[in-house]
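The values are calculated or read from the model by the stated rules, or taken from the named source; none is laboratory data. If you're wondering where the values come from, they're calculated on a predicted model, not measured in any experiment. Cβ placement follows ideal geometry from the backbone for every residue including glycine, while neighbour counts extend to all protein chains displayed. These accessible areas exclude ligands, DNA and RNA; they are computed on the full protein's heavy atoms, side chains included. Shrake-Rupley method; radii C 1.70, N 1.55, O 1.52, S 1.80 Å.
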Amino acid sequence: MSEVAAPRWIASQFGSGSKLNFSFIFKEYLKVQQENCHSYNRRQPYYASEERRLWTANTFLRTHILGQTILRMKLLTFPHSLMFNSLVRTCVTKAYPVLNGELKPIHQHVFESNLRNSMIQNKRYLELKKQALKGGGEKAILRHTQRNEKLLVRERLRLLLDKEEILELSPFAGLGMPYGDIPAAGCLTGIGKVSGVWSVFIANDATVKGGTVYPVTVKKQLRAQDIAMQNRLPCIYLVDSGGAFLPLQAEIFPDKNHGGRAFYNEAIMSAAGIPQVAVVCGSCTAGGAYIPTMADETVMVDKIGTIFLAGPPLVKAATGEDTNPEELGGATLHAKVSGCIDHFAATEEEAYKCARNVIATLNLELPPKMQTDFEEPLYAAEELNGLAPRDYTHTLNIKLILSRLTDGSKFLEFKALYGTTLVTGFAQIKGHLVGIVANNGELTHNASLKGSHFVQLCDQRGIPIIFLQNTRPNPTVAGTLHKAEDITNQLKAQGSMIASVACAIVPKITIVIGGCYGGESFAMCGRSFDPNFLFLWPNARIGLISPNYYSEVLESYREIQDKARLKVLEEMLEIETSAFHSSSRIWDDGVILPEDTRMVIGRCLNIFKQKTQFHSHPERQVILRM
Ligand code: COA
């Protein structure tokens, strides 16, 4: 079916000129397409022309008929049956070749140097973790627990979530911002199970400036909503916030991806069938008041929960009336009079129990039990600290890392002899089949073509892709004409890989194990390429180029000749390219220790499995509070 044929198909199925519901039509169309895809997969070679045409028709429908963003269509249409095809899973062989991950004497010098660097970075990781855990500090904690009689945010989460693993996101966000340290950006986000269902949580920490929203808080909340959308996970808001941090209103309010976007997202998510539940366990002032009123269902705690656009001091200033928070916007008022909430809870404990019960009504199929019968790698995960490159020149063969990540250290390599500076192949991680794309040097012409091919293979087979990124830190400088030709060919091949990565709709996880530099980072699914999750090792560096090459480039452009100024810039770049700087700005989803990588990837893969078809009907509408 071609672009021209698609409207014809619609007309033949539904009659031309009739009033059409495109969401319904698209689902019907996909059904046909999926059936066709299955048969094509059996009898056609890879990317056969018929399939290519189907893809074009699919794209045409996405972009022209529905007029929605690709992201939104990904949400609505991803064929679950293709993604975690049970056949693929059960046929995953335990007979994949075993990698030799032995460390040889020749590796010793580099290994030890990396290890020393990792020890410094890991120490910093632990310090920041401690700092983030303290929230707003002792005084604020006392005010929160003693005076305001509220539970701390982590206690709340303990009551809300099942007693199982969670995946906390961006715990170092907000540390070292120009406007001060905002521990965890004043808001914990992550993914945990609620009544057996993987759910995203967004929970204000009111010990941090009364839970007020800083620019980085907005970013963290939007990222968590993004994750809920991309992975189709229910979203639970624990709201306890004084609204916008007023002195920074210009960085919070006016722009597209500022505060209002969270409310926009709530509506879009609801319309896409992503359930949202709010628990009002503190103040919901001004903009914050829209979070609970726009959620599908809202629980509110008596006495400590308030929802209003302006609090008693503002009312007094505006009208001269003396009011109290309870009268102005307490749980009783909203449960009995305004209808802004749906469930009245006498205590916090009752509120989280109620939220758990709401999730239990979602009528979802629970994710399958986690596999436990997988093999562990043959080599110690702690050794990854000596393989984590302190810089690009300290990079050892990527297979040494792979052998410490994959089940049984097994790896079925694809195109082993071609474009060897990129390693591609299949493996299992914690029992999940994955495709791995890992840098092993420069992304050359051949390596890029191989990467492009492999990404398309994974996409066609519905296999999640893990990118292990360690890209080249220096820009290419064109020399002779012959070299220029090579470089432009390389550019063309990289462009092809970039396009394949951008268009692949399978789940993607990027782990920056070394450098995330310049153009090659795009092909390796950097942040702007929308991986479902992106984590950094503590040694990671993120920047256009490495600080070591900065002077070379600037001098070549005669940009800066003042050595003192150059030194200042280099020092600044040294700080700005660090993993912790990146994570504080939420350019990633968190820094993870190398030895935890397998566990984190396993958790993400588990979460993908729930990519549930929410109970939905074709004419879905946003849920409106009446
Ligand atoms: N902007 C900037 N700072 C704010 C703030 C806001 N919107 N809301 C609270 N803060 C600060 C307070 O100044 C205080 O700072 P400090 O610790 O340095 O003294 C800190 O947050 C905690 O506030 P406090 O009132 O002592 O705590 P609380 O737990 O008793 O009350 C609130 C918290 C949020 C209920 C209360 O501060 C409040 O009502 N704030 C105003 C909310 C508002 O009108 N927002 C409008 C946003 S558009």
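Descriptive notes on the structure:
Yes/no per residue for (1) within 16 Å of the ligand (Cβ to nearest atom); (2) open to solvent by less than 10 Å² (accessible area, probe 1.4 Å):
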| residue | (1), (2) |
| --- | --- |
| ILE227 | no, yes |
| SER241 | yes, yes |
| LYS256 | no, no |
| CYS281 | yes, yes |
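- Scope the range 121-152; condition within 13 Å of the ligand (Cβ to nearest atom), more than 18 Å from THR212 (Cβ to Cβ) and not in a helix (DSSP H, G or I); matching residues: GLU149
- Count - residues of the range 407-437 that are over 18 Å from TYR96 (Cα atoms) and of a type outside the set (Ser, Thr, Tyr): 2
- Selection of the range 292-309 for residues being in contact with a helix residue (DSSP H, G or I) (Cβ under 7 Å, 6 or more places away or on another chain), farther than 18 Å from GLU149 by Cβ, open to solvent by less than 60 Å² (accessible area, probe 1.4 Å) and within 16 Å of the ligand (Cβ to nearest atom) yields ILE307, PHE308.
- Filter result (among the acidic types (Asp, Glu) and free of Cβ contacts under 8 Å to residues at least 40 places away in the same chain) within the range 383-430: ASP407
- Subset of the range 559-605 [part of a loop (DSSP other than H, G, I, E, B) and more than 25 Å from ASN257 (Cβ to Cβ)]: GLU559, ILE560, GLN561, ASP562, ILE592, LEU593
- Residue pairs meeting the criteria (Cβ under 8 Å; at least 6 apart or on separate chains; first within 16 Å of ALA244 (Cβ to Cβ) and in a strand (DSSP E or B), in the range 300-317; second near the ligand (Cβ under 9 Å from one of its atoms) and open to solvent by 30 Å² or more (accessible area, probe 1.4 Å)): PHE308/PRO325
- Residue in the range 320-330 that is within 30 Å of ILE268 (Cβ to Cβ), within 12 Å of the ligand (Cβ to nearest atom) and assigned to a loop (DSSP other than H, G, I, E, B) present: no
- PRO312 within 11 Å of the ligand (Cβ to nearest atom), open to solvent by 30 Å² or more (accessible area, probe 1.4 Å) and over 24 Å from THR189 (Cα atoms): no
- Where strands (runs of 3 or more DSSP E) fall entirely within the range 453-518, those with at least 2 residues that are more than 22 Å from ASP391 (Cβ to Cβ) are at 465-469, 508-512.
- Any hit, the range 328-343, residues being of a type in the set (Gly, Ala, Ser) and in contact (Cβ under 8 Å) with a residue 60 or more places away in the chain: yes
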